[in-house]
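Right, one structure below, let's go through it.
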Amino acid sequence: MRPLCGAIITAGALIGLGLASIGVGLRYQNYPYLDSTGHPQWVWFRNIDTTLMFAVVSLVLALLIGLGTAFLGLAYHHHKRHLELMREGRVPGERASA
């Protein structure tokens, strides 16, 4: 159940990051790309709006938490399954005898 919950959290965070990137693109689409000398200029992350920065940072944190939950939950599941097989006297990786 833990890996599934982690995967759902990760999927939600990725969808949110996609929507946030659309929001950032819409917000800064009219920003002049070239300065007066003809060199490209960029909007640095530290210079974007505070609310957009908060949204992106919180979604990245949710993504990391979801990935961590999924991978650690899956590792814990495999470890627990390994202990169950050892308790039954079967060797992990061996097929069950009919």
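Of the residues making up segment 34-49, those that are in a loop (DSSP other than H, G, I, E, B) and surrounded by fewer than 10 Cβ atoms within 10 Å (Cβ to Cβ) are Asp35, Ser36, Thr37, Gly38, His39, Trp42, Trp44. The combined condition, being at positive phi and out of contact with any Phe, Trp or Tyr (no Cβ under 6 Å at 6 or more places or on another chain), is fulfilled by Gly89.
Listed here are the residues, each with its yes/no results for (1) small (Gly, Ala, Ser); (2) at pLDDT below 90; (3) closer than 18 Å to Ala13 by Cβ.
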| position | (1), (2), (3) |
| --- | --- |
| Val43 | no, yes, no |
| Ala55 | yes, no, yes |
| Val60 | no, no, yes |
| Gly68 | yes, no, yes |
| His77 | no, yes, no |
| Leu83 | no, yes, no |
| Gly89 | yes, yes, no |
| Arg95 | no, yes, no |
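Rundown of residues vs (1) assigned to a helix (DSSP H, G or I); (2) surrounded by 13 or more Cβ atoms within 10 Å (Cβ to Cβ), yes/no style:
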{"residue": "Thr10", "(1), (2)": "yes, yes"}
{"residue": "Ile15", "(1), (2)": "yes, no"}
{"residue": "Gly25", "(1), (2)": "yes, no"}
{"residue": "Pro32", "(1), (2)": "no, no"}
{"residue": "Val60", "(1), (2)": "yes, yes"}
{"residue": "Gly66", "(1), (2)": "yes, yes"}
{"residue": "Phe71", "(1), (2)": "yes, yes"}
{"residue": "His78", "(1), (2)": "yes, no"}
{"residue": "Leu85", "(1), (2)": "yes, yes"}
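The values are calculated or read from the model by the stated rules, or taken from the named source; none is laboratory data. For clarity, every value in this text was computed on a predicted model and none was experimentally measured. As a convention, Cβ positions derive from the backbone with ideal geometry for all residues, glycine included, and neighbour counts pool all protein chains shown.
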